[in-house]
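Undergrad: Shown below is the structure under consideration.
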Amino acid sequence: MSLLQKLMEHASLHEPCGTAGKRAHLKAGLPASAATKQVDGDLTLSEGTDLVFEEGRVHVKGHLLLEDQSRLLVAGDVVVEGNIIHEGFDYALLFAGGSIQADNLLFHGELVALGGLTLRGAAWTYYNDYSTYADTLTARAVVADDRADAVDQVHADTHLEGHARVIEGALEQLLHPDAWARYQGGSYAALARHLRQGQPLLRDSAPRRK
């Protein structure tokens with residue numbers, strides 16, 4: 001049984017990933033691989049799906065979409081040309097033994113990046129059911145709606161934390177008008193649809209893919 005398969009025995013990765021020391025120990029135990037797995041188009045994990053990649057790099061040419069009760073574990077880096085989205089009210093897991101890179105991230109479930117997170121646009125996590133575990137998070141904008149993420153260093157031009165009602169005014173200024181219209185009132189389902197269509201999230205960003 002591989003280390004990734006052993007991690008799947010945990011109901012949550014808080015215990016093995018909750019501190020920088022634990023994350024470093026875990027990363028040291030992962031196998032090194034030069035292999036790349038490329039996914040042409042979107043990679044969608046339907047409800048209840050578990051997927052493990054032992055490759056050193058997974059490259060998704062479209063969006064990475066996780067439904068409730070789905071889990072994706074990758075030994076190395078996760079590179080997504082589109083957006084990473086988990087919109088729901090149940091558990092989902094995205095684990096990378098390396099780094100995670102994407103345009104934007106909208107995520108409710110549990111998120112682990114042993115090599116750090118980098119978003120070209122926004123990293124948006126919401127609700128305090130689960131957490132994010134990483135040493136670094138770099139994005140133009142970071143939004144944590146009623147969520148306490150366990151990230152040691154955050155590098156962002158805009159960093160919003162707190163309940164949606166508290167940060168609502170700042171969100172309106174941050175988001176593209178079309179994205180704000182979709183989200184207004186806290187509709188994450190509508191915002192997720194907006195991102196799946198490749199529409200812009202931040203005010204000064206352009207659509208990347210349909």
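Undergrad: Within 13 Å, Cβ to Cβ, of Ala113, how many net charges do the neighbouring residues add up to if Lys/Arg are +1 and Asp/Glu are -1?
TA: -3
Undergrad: Give me the percent relative contact order of the chain, please, defined on Cα pairs under 8 angstrom at least 6 residues apart.
TA: Contact order relative to length: 12 percent.
Undergrad: Ok, one more. Select from Glu47, Glu161, Glu67 the residue whose mean-square fluctuation is largest in a Gaussian network model of the chain (Cα-Cα springs shorter than 10 Å).
TA: Sorting by GNM fluctuation, first place goes to Glu47.
Undergrad: Then there's this: Let me have the 222 nm mean residue ellipticity of the chain computed from DSSP H runs of 4+ only, each contributing -39500 (n - 2.57), with the sum over all residues rounded to the nearest 500.
TA: The helix-only estimate for the chain comes to -5500 deg cm²/dmol at 222 nm.
Undergrad: Separate question: Using volume of the Cα convex hull per residue in Å³ as the read-out, say which of (1) 104; (2) 127; (3) 136 was calculated from these coordinates.
TA: (1)
Undergrad: Counting only pairs 8 or more residues apart or on different chains, how many lysine pairs in the chain have their Cα atoms under 29 Å apart?
TA: 10
Each reported figure results from applying straightforward, stated rules to the coordinates on display, with no laboratory input. This one's a predicted model, so the numbers in the text were calculated from it and none came from an experiment. A quick note on method: Cβ atoms are made from the backbone with ideal geometry, for glycine too, and the neighbour counts reach across all protein chains shown.
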